[in-house]
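Here is the structure we will look at.
The values are calculated or read from the model by the stated rules, or taken from the named source; none is laboratory data. Please read all numbers here as calculations on a predicted model, not as lab measurements. Counting neighbours? That spans all protein chains shown, and the Cβs are built from the backbone with ideal geometry, glycine included.
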Amino acid sequence: MDETRLWLVERTYTDKGLVSLVYATPDGERSLHRQRSMNALRQSDGVTAAVTADPESLEPVDDDETRRRYAEEVARMAEEHDPDDAV
């Protein structure tokens, strides 16, 4: 099965030492949410500009404004970063 490239569009820090990451498709229509501990991110390669994922694991983005914002952020990230860049 083909994988889909998604770009980082949102990063939120919690008071519990977690980082919530949202990656989205270039059209902003679908997204992938991941939550990682700060410690795990420090021990790994961190957060990359893009990831690939199974299309079946993606969630639809229901809100028009969110889709528009995600698409704009994907375009910016893709222009400024290579997919494997740490961001």
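Computed values, structure above
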{"item": "The stretch 41-87 - residue that is farther than 16 Å from Ser31 by Cα and acidic (Asp, Glu) and, of those, modelled with the lowest pLDDT", "result": "Asp45"}
{"item": "Single match in Ala71, Ala75, Ala49, Ala53 (criterion: of a type in the set (A, V, I, L, M) and in contact with a helix residue (DSSP H, G or I) (Cβ under 7 Å, 6 or more places away or on another chain))", "result": "Ala49"}
{"item": "Yes/no for Thr14 being exposed (fewer than 15 other Cβ atoms within 10 Å of the Cβ) and touching a Pro at 6+ places or on another chain (Cβ under 9 Å)", "result": "no"}
{"item": "When residues of the stretch 42-87 are limited to those that are crowded, with 16+ Cβ neighbours inside 10 Å and among the β-branched types (Val, Ile, Thr), the one nearest to Leu21 (Cα to Cα)", "result": "Val47"}
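Every residue, every condition in (1) among the β-branched types (Val, Ile, Thr); (2) in contact (Cβ under 8 Å) with a residue 24 or more places away in the chain, yes or no:
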position	(1), (2)
Leu6	no, yes
Leu21	no, yes
His33	no, yes
Ser37	no, no
Gly46	no, yes
Thr52	yes, yes
Val61	yes, yes
Val74	yes, yes
Ala86	no, yes
